[in-house]
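Values in this text are rule-based calculations from the coordinates and carry no lab data. The model shown is predicted, which means the values in this text are computed figures rather than measured ones. A quick note on method: Cβ atoms are made from the backbone with ideal geometry, for glycine too, and the neighbour counts reach across all protein chains shown.
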Amino acid sequence: MRRNNFSIALLLALPSVFTGSCADEAKQPEHTAAVRSIQLPDSTKFQASIDGKQTRLYTLKNSNGVTACFTNFGGRLVGLWVPDSAGNFIDVAIGLGSVQDYAGPDDAYFGASIGRYGNRIAKGKFTLEGKQYSLFINNGVNTLHGGRKGFSAVVWDAEQLNDSTLKLSYLSKDGEEGYPGNLTVSIIYSLTENNELRMQYAATTDKTTIVNLTNHAYFNLNGEGSGSIGDHLLTIDAERYTPVDSTLIPTGELAPVAGTPFDFTKPVTIGSRWNEANEQLKNGGGYDHNFVLNGSGLKPAARVVGDKSGIVMEVFTEEPGLQFYGGNFMAGKNTLKQGAKDEYRTAFCLETQHFPDSPNQPSFPSTVLKPGANYVTVSVYKFSVRQ
Ligand code: GAL
């Protein structure tokens, strides 16, 4: 009910933005073929009962017109409309058109809130306080993004706190997916007046456990259907990265990026080196690696520029790592929300996180959470245009 009222209010207040029509198509620059105006997804396609809980679509908006849609199924970012250089709103978050699609077999964590442990845990095993735990193996020989049914596939409790803020909550029970401890998790997604999508994660536990939460949004800053991300310009604030074996588990080394295709310390197009003969690129099928971020606190992590749209996305995070995934497993199996296919390397993810397999890598920053401690971490995706 609340969202319906909100949508109606938006439609009345912003007729030029929320037209949902293509009447002014002729005036748009060529590159905005994907999105000309903000056409919100059909909310009825997000209404379902899953695991006895109701799913729906939630819409956030700031006073600049920047708009984000989420569903509480998997805490998924469904769409994110930001202005391009010409002032047209582009949906830069690549996503699907219905809750059934998100729950389908080919979903690749589109826009999902990821947990209890984002990224991989070698062989699905880890030891805490002398006890070994086994997780479901869902990625070759390893566990990925929580296991068989991670936080990306559960229905979160959702509360829209105001027009620009959504709070998602979930209780991950002791033993769920093999992890110890009842973990009480919340994520507050908010759109700020600075055109930032701010993500604040919090968790507490009643038994010692491991936690590594992230968001798995796929972006194409030129919009859905605009082709490869290869010409996007990328900077990552990292002098080192964590090389991986052929199953994408870190070797434990923090290797310098200097002199390798992993050097994004100066802006470089994503595609300029991704096919180079390099063992790490071979292991990842391209870029699928964790970068060791410089600095501490809420610090700059990455900057991406959409070559056609001029949209700039900056990433800030309190996390020590950033997984840059270049869409290597995208294979055109999913139809996206505006009808394009999720073709190979047509979107990227920048997942703020602790390093992969940290529970088995004593030299990496710890992901252990103990009873009485508060897990709190903030990450931000900020949007502007190239000057
Ligand atoms: C990424 C991961 C990739 C791939 C992708 C989903 O986070 O690093 O290897 O699994 O998720 O397709």
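So the values come out like this:
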quantity	calculated
Residue-averaged [θ]222 nm for the chain, counting only DSSP H segments that reach four residues, each worth -39500 (n - 2.57)	-1500 deg cm²/dmol
Per residue, the convex hull volume that the Cα atoms of the chain enclose (Å³)	127 Å³
Ranked 224, 279, 318, 177, criterion: other C-beta atoms within 10 Å, fewest first	279, 318, 177, 224
Positive dipole terminus of the chain, leading residue within 347, 99, 290 (C-beta point charges)	99
P(r) histogram, all alpha-carbon pairs of region 129-218 included - 5 Å bins from 0, percent	3, 12, 19, 23, 17, 12, 7, 4, 2, 0
Share of pairwise Cα separations in region 36-122, more than 19 Å, in percent	43 percent
Percent of C-alpha pairs per 5 Å bin, region 194-345, short to long	2, 8, 16, 20, 20, 17, 10, 5, 2, 0
Taking 173, 167 and counting other C-beta atoms within 10 Å, the order from fewest to most	173, 167
Exposure proxy ranking, count of Cβ atoms within 10 Å, fewest first, for 205, 377, 192	192, 377, 205
Simple spin-label estimate for residue 193 and residue 127 in nanometres, 7 Å along Cα-Cβ	5.4 nm
